[in-house]
Structure formats: C-alpha cells, structure tokens
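Quick notes on the structure that follows.
The values are calculated or read from the model by the stated rules, or taken from the named source; none is laboratory data. The model shown is predicted, which means the values in this text are computed figures rather than measured ones. As a convention, Cβ positions derive from the backbone with ideal geometry for all residues, glycine included, and neighbour counts pool all protein chains shown. What goes into the accessible areas is simple: the full protein's heavy atoms, side chains included, and nothing from ligands, DNA or RNA. Shrake-Rupley method; radii C 1.70, N 1.55, O 1.52, S 1.80 Å.
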2 protein chains.
Amino acid sequence: MAQKELKEFMDNAGQIYLSHLSLDCVVFGFHDGQLKVLLLKMKNSDKWALPGGFVKLEESMETAAIRVLKERTGLDSIFLQQFHIFSDPGRSDNKERIAHLQKAGIDLPVSHWFLQRFLSVGFYALVDFSTVTPQADAFSDACVWLDIGEIGPLILDHSQILFKALEALRLQLHHQPIGYNLLPSKFTMPELQRLYEAILGRKLDRRNFQRKILTYGILRPLKEKRQGVAHKAPQLYSFDMAKYKKATNL
Amino acid sequence: MAQKELKEFMDNAGQIYLSHLSLDCVVFGFHDGQLKVLLLKMKNSDKWALPGGFVKLEESMETAAIRVLKERTGLDSIFLQQFHIFSDPGRSDNKERIAHLQKAGIDLPVSHWFLQRFLSVGFYALVDFSTVTPQADAFSDACVWLDIGEIGPLILDHSQILFKALEALRLQLHHQPIGYNLLPSKFTMPELQRLYEAILGRKLDRRNFQRKILTYGILRPLKEKRQGVAHKAPQLYSFDMAKYKKATNL
C-alpha cells in the first residue's frame with residue numbers, strides 16, 4: 001500500500017471499524033519438521049509483527065479474523081480459535097506507533113482513532129503450509145514464515161501473544177488430536193510424531209506416542225506406501241475425518 | 001439503586017466506560033453436593049442475568065472483572081479466568097433493553113451509549129460458597145445462588161455464556177486439579193469426588209477417581225478425623241498448597 005492509501009485508511013478507519021478493539025493472529029504452519037509462524041516485517045523498523053487488523057462496525061470477532069487471514073494468506077477456510085483478550089492499559093505504545101507513521105510521512109493528531117488505546121483479541125490458526133500465499137499489509141514490507149525458534153523482537157506485546165497462543169495450542173493437543181490442518185493428506189507416523197514434538201518443544205517416546213494416537217481411532221492406514229524410499233517403505237496414514245471431527249468437536 | 005441513580009449512571013456511563021465492550025461473569029460455587037451459579041433476578045422481568053459490567057477507560061479486562069465481582073460477592077480475591085469474547089452482532093437485543101428501562105421510567109435516545117452494540121468478554125470464577133454475600137445491582141431485585149440444573153430463562157445470550165463457561169471449566173478439570181477455590185479447607189475424598197461429578201454432570205468410578213487424584217500429589221491426609229460420625233470416621237484431607245500451585249500454574 002502506498003503512502004496515499006495508508007493516509008486514506010487512517011482518515012476513514014473511525015467510520016469503518018469499532019474503536020479501541022483489534023485482533024492479532026498467530027498462524028501456525030508445519031514444514032520440514034519445524035513449527036512455523038507467519039510474521040510481518042515492519043516497514044522502517046527491524047521489528048516483526050503478528051498479522052492483525054480491526055473489527056468492522058457490524059462484524060463478529062470471528063468474521064473479522066477470517067477476513068484478516070484471507071488477506072494475509074489467501075485462504076478461505078482456516079481452523080481458527082480465539083484464546084485471550086489482551087487488555088493491559090499500557091499495551092498500546094503510541095510512541096512506537098507515532099514514530100513509525102512519521103517515518104512513512106504521516107502525522108496524526110494525538111486524538112486520532114489510530115492512537116487510542118486498543119484491546120486485542122488473540123486468535124491462533126492452523127494452516128497447511130503449502131497452500132498459503134503470504135501477503136504483506138499496509139504497515140509491512142514482507143510477510144514470511146519463521147521457525148518458532150528463530151523469531152526475533154516483535155512489536156508491542158506480540159511476543160506475549162505468541163507465547164500464549166503456543167500455550168493454548170499445547171493445551172488443545174493434550175485433550176484432542178491435532179494434525180488435520182497442519183499436515184498433508186497422507187503422512188507417516190514419524191511425521192505426525194515430529195509435529196507433536198515441534199509443538200511441545202520436546203522429544204516424545206515413539207511407542208507411547210503411537211499407542212496414544214491410535215487410541216483416538218482417528219487414523220486410517222492406507223494401502224499405498226511412500227514411493228522412492230530405499231529400504232522398508234513406511235506405512236502411510238490419513239485421517240478418518242468422521243472420527244477426527246467427532247474427537248475434536250469440529 | 002433508585003431510579004434517579006440509575007438515570008445518573010446512564011447519563012455518565014459514556015465518560016467513564018469504554019464503548020461497546022462489557023463483561024459477564026459465571027460465578028461457580030459448590031454447596032450440599034450441588035454446583036451452583038450466582039445469578040441476578042432482573043427488575044420488572046421474569047428473566048435472570050449473569051453478573052456483569054463495563055470496563056473503565058483505563059482498566060484491563062481483569063481489573064474490571066475483579067471490580068464487578070467485588071461489588072456482587074464482597075470478595076477481594078477470586079479465582080478468575082476469561083474464556084471467550086461473545087461478539088455476535090445480534091447479541092445486544094435493544095428491544096429487550098429499551099422495554100426494560102421504560103418499565104423503570106427511563107427513556108433513552110436510540111443513539112445513547114447504553115444502546116450501542118456490546119461485545120462481552122466472558123469470565124468464570126470459582127468461589128467458596130460460604131464466604132459470598134450476594135448483592136443485587138442497579139438492574140436487579142436480587143442476587144442468589146441457583147443449582148446448575150434449575151436455571152430458567154436468562155437474558156440475551158447469557159445461557160450460551162453459561163454453557164461455554166461450564167465447557168471451559170470441564171476442560172480445565174481435565175488437565176489440572178480443581179477444588180481449592182470451591183471446597184472448605186478440610187474435606188473428604190467422597191466430597192472431592194462429588195465436586196468433580198457435579199462439574200462433569202456424571203457419576204465417576206470411586207477407585208479410578210481416587211487413583212487419579214492421588215497421582216497429582218496435591219492432597220495431604222490430616223491426622224484428625226471428621227467429628228460426629230457414628231461408625232468409621234472418614235479420612236480428612238487438605239490441599240498441599242505448594243504442590244497444588246505447581247500443578248495448576250497458580
């Protein structure tokens with residue numbers, strides 16, 4: 001978005017969006033055995049930000065989050081879960097915002113809609129890494145996947161939001177299976193285990209993991225084997241969606 | 001609160017509270033083997049409501065919820081957990097609100113702060129039933145405990161908020177122990193089991209329950225036995241708070 005459009009956005013935002021309410025999304029993906037998070041590189045800054053946005057006057061939080069994620073990822077159908085509202089009165093650091101806009105040549109009066117206090121609803125999303133087309137927004141130069149272990153300084157309280165999203169995802173994993181949204185349609189048991197290990201941040205015992213995941217009854221062994229493997233071809237699985245949906249209340 | 005004070009509240013609310021943001025609290029207590037919820041009987045209506053309120057201009061959601069609950073229960077220190085923001089654009093039924101205020105002799109212009117769309121953050125609280133002094137608010141005649149199984153029609157989407165709070169409490173119970181906030185300081189194993197059963201809405205196997213709860217390592221058997229019991233006096237327990245806090249991340 002050019003400076004002119006950014007200025008227009010600023011001029012009109014108060015008529016389109018609810019005041020003092022925003023949302024931030026922690027989008028998780030899985031690739032090459034690594035848990036990844038979709039992040040925006042801020043313009044004129046060395047900091048990163050979570051994808052986020054505002055809530056239209058007549059939108060639900062969920063509709064707003066779906067709209068924002070569609071803009072950033074190109075995806076229509078995303079597993080999305082709100083997990084916390086971040087409401088510390090000190091969380092909107094206007095010095096950082098004002099400096100950032102001034103670098104872009106925009107001066108806002110202190111009473112401007114954009115410079116009020118914002119409470120932000122955190123969502124986490126689970127997406128199939130391979131289907132996403134990351135798109136930068138008006139405030140950023142780039143939108144990219146970063147490994148969860150390699151994320152540098154984030155703006156505002158976004159590190160806290162990311163941490164709490166990971167906590168919520170780990171909690172979800174303790175009481176229901178995970179994987180459908182994050183893995184390709186066919187996968188091996190070691191690949192599923194690696195996904196769990198990436199989320200939990202620790203190694204799991206192979207036999208315990210296999211026993212536990214099979215008790216859910218959500219996996220369907222496939223007749224085909226993985227191609228191009230030298231020795232013993234590993235068993236491929238897919239999710240039994242009827243049972244998966246039952247186990248996860250989808 | 002008399003009509004005059006209610007009118008004053010309406011006149012000033014927009015200068016004191018954030019617009020279009022409220023909170024509702026599902027306060028759980030446990031008494032006589034029953035899970036109970038604190039509810040307000042609405043004035044001039046046969047409906048009930050969850051205790052709730054608004055957020056001051058510079059408050060966090062948590063500070064606002066603590067303030068509201070202090071007003072309704074007299075308690076300073078409450079286990080409090082936000083679990084969801086309810087944001088359906090149709091959830092603020094202004095016909096119901098306007099009719100309700102008119103019965104109280106108050107006519108508000110349609111553009112009034114109180115008649116805007118509200119998004120509400122749901123909290124659940126766990127309290128020791130015996131320490132609460134319920135207090136009605138400006139919109140209600142009474143504030144009382146009702147058994148979870150005997151709750152009649154609630155205003156707006158409060159039934160949905162209650163249902164989702166119970167769901168969140170059940171989820172909490174699956175991954176961490178519960179009881180410190182809801183039971184007296186000394187209790188028997190059957191009393192703790194009855195609390196779990198009341199929350200889950202189903203009977204539990206005695207031996208499985210005892211084994212599972214003892215694996216948490218959070219119970220301390222007491223030397224004293226319950227007084228006034230005819231035959232075999234049941235073992236009393238209390239929570240080992242150091243271990244309880246560790247298990248529940250308190």
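Working note: Debye formula, equal point scatterers on the alpha-carbon atoms of the stretch A:25-93, no solvent; log10 I(q)/I(0) at q = 0.16, 0.22, 0.27 Å⁻¹ is -0.71, -1.19, -1.36. Only alpha carbons enter this Debye calculation for the stretch B:190-250, each as an equal point scatterer, and the log10 of I(q)/I(0) it gives at q = 0.12 Å⁻¹ is -0.36.
Taking the square roots of 5 times each eigenvalue of the Cα gyration tensor of the stretch B:141-185, largest first, gives ellipsoid semi-axes of 24, 16, 8 Å.
Other residues whose C-beta falls under 12 angstrom from the C-beta of A:PRO177 contribute a net charge of +3, scoring Lys and Arg +1 and Asp and Glu -1.
With a Förster radius of 56 Å applied to the beta-carbon distance between A:LYS186 and B:SER130, the computed FRET efficiency rounds to 0.45. Pairs spanning more than 22 Å between alpha-carbon atoms, out of A:LYS36/B:LYS245; A:LYS203/A:LYS243; A:LYS164/A:LYS212; A:LYS186/A:LYS212; B:LYS186/B:LYS223; B:LYS186/B:LYS232: A:LYS36/B:LYS245; A:LYS203/A:LYS243; A:LYS164/A:LYS212.
If you look at the Cα atoms of the protein assembly as shown, you get an Rg and a Dmax of 25.6, 84 Å. Its residues counted as N, the stretch A:163-225 yields a C-alpha radius of gyration over 2.2 N^0.38 Å of 1.13.
Taking only alpha carbon atoms, the stretch B:1-123 gives an Rg to Rh ratio of 0.96, where Rh is the Kirkwood radius. Taking the square roots of five times each eigenvalue of the Cα gyration tensor of the stretch B:105-161, the equivalent ellipsoid has semi-axes of 27, 15, 13 Å, listed largest first.
Between the alpha-carbon centers of the stretch B:52-79 and the stretch A:179-250, tell me the distance in whole angstrom. Centre-to-centre (Cα) distance: 45 Å. Hydrodynamic analysis of the stretch B:66-177 uses the Kirkwood radius over alpha carbon pairs. Inserted into Stokes-Einstein at 25 °C and 0.890 mPa s, it gives a translational diffusion coefficient of 151 µm²/s.
Counting only heavy atoms of the protein chains and using a 1.4 Å probe, A:THR215 has close to 110 Å² of accessible surface.
Using only side-chain charges placed at the Cβ, +1 for Lys and Arg and -1 for Asp and Glu, the dipole size of the protein assembly as shown relative to its Cα centre rounds to 2620 debye.
Within 10 Å of the Cβ of each residue in B:27-34, the mean number of Cβ atoms contributed by other protein chains is 0.
Using a 1.4 angstrom probe on protein heavy atoms only, the contact between B and A buries about 1800 square angstrom of accessible area, both sides summed. Over chain A, all Cα pairs binned in 10 Å intervals from 0 give whole-percent P(r) values of 7, 28, 32, 18, 10, 5, 0, listed from short to long.
Computed over the stretch A:107-250, the P(r) curve from all C-alpha pair distances, binned at 5 Å from the origin, holds 2, 7, 13, 18, 17, 13, 10, 8, 5, 3, 2, 2, 1, 0 percent per bin.
For the stretch A:1-74, GluC sites (Glu not before Pro) are listed when DSSP marks them as loop and at most 10 other Cβ atoms sit within 10 Å of their Cβ; the list is A:GLU58.
What residues from the stretch B:119-135 fall in the zone where the backbone N is under 18 Å from a label point 7 Å along the Cα-to-C-beta line of B:ALA104? Backbone N within reach: B:135.
The portion of the accessible surface of the stretch A:148-250 made up by carbon and sulfur, rounded to a whole percent, is 53 (1.4 Å probe; DNA, RNA and ligands excluded). Which of B:ASP141, B:ASP32, B:ASP157 moves most in a GNM of chain B, Cα contacts under 10 Å? Top of the fluctuation ranking is B:ASP32.
Normalised radius of gyration (Cα atoms, divided by 2.2 N^0.38 Å) for the stretch A:14-63: 1.48. For the stretch B:98-222, the solvent-accessible area of protein heavy atoms averages 48 Å² per residue (probe radius 1.4 Å; ligands and nucleic acids excluded).
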